[in-house]
Amino acid sequence: MASSSSIVNQIIQQEVLLDDLSDDDLASFCQIANLAYRSGESIISDQDYDFIYLPALKQRLPHHPLLQSIEPEGRGFSEEKVLLPEVMLSTDKAYSWDEISKWIERLKKSAIEIDLNSNLIQIKATPKLDGFAGFDDGSRLYTRGDGKKGSDISRVFERGLQVYNDSERGQGAGEIVVKKSYFEAYLSEYFEYPRNFQASLIKEKALDKKAKQAIANKAALFVPFSQLPIRSVTIDELTTKFEQIVDTVLSMVDFDVDGVVFEATNEALKTQMGANRKFHRWQIAFKENKDKAQVTVLSVTPQVGRTGKITPVAELEPTQLSGAKIMRATGHHYGLVKSQGLGAGSVIELTRSGLVIPKINQVLKSAPVNIPEICPSCGEVLQWESDFLMCLNHTVCPAQVVGRMEYFFKILANNDGFGIATIEKLYEHGIRKVSQIYTLSIDDLSSMGFGEKTSINLVNQLKRSTSEQIEDWRFLAAFGVVRLGMGNCENLLNFYPINAIFELNLERISAINGFAELTAQMIVTGLDSIKPEFDLLSQYHFNLELTPLQKDLVEFTHSFSGKKIIFTGKMSGSREAMKKRAKSIGIKMVSSVSAKTDYLVVGEKAGQNKIKNAEKFGVEILSEADYLALIK
Ligand SMILES: [Zn+2]
């Protein structure tokens, strides 16, 4: 393999095509490009990073740490990290109207849950600045860092930097930016992108003349998000005039803008939607991507994933798109092949999307399709599960067994060397489980045909994977239980220590906010199936960083735990406080009355339909006072 610096150059010079890069090279290139970008010395354009390389990484290694964490900063900041005054999350991104409309659906759904009329939802649209994120608490300025800890860069204010609109310090999150017109007139000769210049303002070394001048001219500024111009719209307006709204917002400020941030403004709705580890659910950034191509499909082949899902992979007539040669694209499922006629000879529209790359947008000209009847890996007859074609031979199917083992090491992300090629070789020599891999010695590996150096390295990497600390939720997620991705694992471990999760029943899991009953059932079954492997691997004493328990949030011993309740009408106290209290004792809030609802709690001017339905389904109706007395 070439050294990483020469690979980087080859990629930048486009001597190596994306499709020819190994997963490892792609991952290290993304890391290097990200670090370079964060330290203000971009090696590729933001467009290429956002639309070509990062999506490719997401497609090939969806669980790579670079995609999981809020983007780390480059090595430009060597100082000690300090705790931020408040957590700064990243913003979820959408690259198409389709994704925005799904977000709107989520807003509406949450609005129903809090009895908010969706016509009343206000959405605030602001330009998404392409600057350097910071948090100003009034006395200090911090970089975003990993979202929890950042670096103190207060020196940039000491150097005279002003706050946008001549406003006060201490307005929280914002960005250090430079005016576009000023950059073009005075700086573009010296800096390739405004970002490079923006970062130079923050660096420890003394400022040069150009930077001092830009600060003195108030061309370089700190722009708190609260000072940005706003376009306020309803869901209806956003739906009917989306492109027009985006165009308007993109040109509202004289700064580099790389998208539009949409957010719900209703506080109760925001509380209801909350946040996950990475971003607020009530906020999304839209980034445009217009590169499209029409491409002829040469063939479509089935590929078996670790869960048994069969994915159609289209081999394409090689096509140049956004500066890279595309030869392959993945369809989401075989339902698309069947319904749209994605076969050899069909013509598809491709875009470079931020989510999956390259993505098959639509089939423009269909062709006869070939739907596989048996699994290409194990020969099992395939089954349809809605749009998905599945191989249900989970325990034996080689592609799934290999996929699961590979997934384990990929998710742990604290080891190298256990990529697909290594795992396939281990499989050929009878290895079927991760726990078997951990028993292997250097001699065992050598006898399987691994070279001496490789065998030593692999054993060392196994040791490293157990000694290098990882979060307990990451460890649990590595087992690949359906519905137990990293986010759900973290949520679960917020409430139960990792050693106690195998004792959990459906009721306890579904009492946690965020786990629907079906999900909880799948988790219980899934945990059961991994228990023997979990126990075997636990013998190696992985160095787990335990998630702090939020015990005080849930008193699962309460007799109302797991009960499904709806509130309707005006309560004497705040609805939010009531919901919070209900959730804290494990009550599940539901949005409509059904036979499965346990109680309808009615306040003043309660919804008559809900009461009628409750009577129809035999749901017990409680007054607010009765309810409060019962849960005391
Ligand atoms: Zn199979």
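The values are calculated or read from the model by the stated rules, or taken from the named source; none is laboratory data. Only a predicted model underlies this, so the values are computations on that prediction, with no experimental measurement involved. Positions of Cβ are generated from backbone atoms using ideal geometry, with glycine treated the same way; all protein chains shown enter the neighbour counts.
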Anything in region 118-143 that is at pLDDT below 90 and of a type in the set (S, T, N, Q)? List them, or say none. Ser118, Asn119, Thr143
Condition set out of contact with any Gly (no Cβ under 8 Å at 6 or more places or on another chain) and away from the ligand (no atom under 16 Å from the Cβ), scope region 296-307, selection farthest from Cys375 (Cα to Cα): answer is Leu298
Candidate set: region 115-164, residues that are touching a helix residue (DSSP H, G or I) at 6+ places or on another chain (Cβ under 9 Å) and of a type in the set (Gly, Ala, Ser); chosen: the one farthest from Lys605 (Cα to Cα): Gly160
Unique match (being basic (Lys, Arg), touching a Lys or Arg at 6+ places or on another chain (Cβ under 7 Å) and modelled with pLDDT of 75 or more) among Lys93, Lys108: Lys93
Restricting attention to region 6-59, which residues are of a type in the set (Asp, Glu), modelled with pLDDT under 80 and crowded, with 18+ Cβ neighbours inside 10 Å? Asp48, Asp50
Can you find a residue that is over 22 Å from Ser28 (Cβ atoms), touching a Phe, Trp or Tyr at 6+ places or on another chain (Cβ under 6 Å) and not acidic (Asp, Glu) anywhere in region 436-443? yes
Asn361 vs. criteria touching a residue at least 60 places away in the same chain (Cβ under 8 Å), of a type outside the set (Gly, Ala, Ser), within 16 Å of the ligand (Cβ to nearest atom) and surrounded by 15 or more Cβ atoms within 10 Å (Cβ to Cβ): no
Of all the residues that make up region 114-151, how many are under 26 Å from Asp92 (Cα atoms), of a type outside the set (Val, Ile, Thr) and part of a loop (DSSP other than H, G, I, E, B)? 12
Checking Lys425 against (1) within 27 Å of Pro372 (Cβ to Cβ); (2) more than 16 Å from the ligand (Cβ to nearest atom); (3) within 28 Å of the chain's Cα centre (by Cα), which single condition isn't satisfied? (3)
Reported set for region 197-230 where residues are of a type in the set (Phe, Trp, Tyr) and part of a helix (DSSP H, G or I) is Phe197, Phe225
So which strands (runs of 3 or more DSSP E) are wholly in region 358-433 and hold at least 2 residues that are of a type in the set (Lys, Arg)? 359-365
Would you be able to say whether some residue in region 436-443 is farther than 23 Å from Asn457 by Cβ, more than 16 Å from the ligand (Cβ to nearest atom) and in contact (Cβ under 8 Å) with a residue 24 or more places away in the chain? no
Output the number of residues of region 248-303 satisfying the condition of being free of Cβ contacts under 8 Å to residues at least 60 places away in the same chain, closer than 20 Å to Glu105 by Cβ and not in a helix (DSSP H, G or I). 1
Limited to region 526-563, what total is found for residues that are farther than 16 Å from Ile498 by Cα and modelled with pLDDT of 80 or more? 1
In the set Asn491, Asn513, which member is within 20 Å of the chain's Cα centre (by Cα) and closer than 23 Å to Phe408 by Cβ? Asn491
Condition (residue is within 25 Å of Ser251 (Cα to Cα), at pLDDT 90 or above and not in a helix (DSSP H, G or I)) applied to region 178-188: is it met by at least one residue? yes
Filter region 374-415 for residues that are within 14 Å of the ligand (Cβ to nearest atom), aliphatic (A, V, I, L, M) and surrounded by fewer than 20 Cβ atoms within 10 Å (Cβ to Cβ) and give the result. Ile374, Val381, Leu392, Val396
Which condition does Ile310 not pass, out of (1) within 16 Å of the ligand (Cβ to nearest atom); (2) out of contact with any Phe, Trp or Tyr (no Cβ under 7 Å at 6 or more places or on another chain), if it passes all the others? (2)
Counting only residues that are surrounded by 19 or more Cβ atoms within 10 Å (Cβ to Cβ) and either in a helix (DSSP H, G or I) or under 24 Å from the mean Cα position of the chain (by Cα) (or both), how many does region 152-168 have? 2
When you go through Lys179, Lys209 one by one, which is the residue that is surrounded by fewer than 17 Cβ atoms within 10 Å (Cβ to Cβ) and out of contact with any helix residue (DSSP H, G or I) (no Cβ under 7 Å at 6 or more places or on another chain)? Lys209
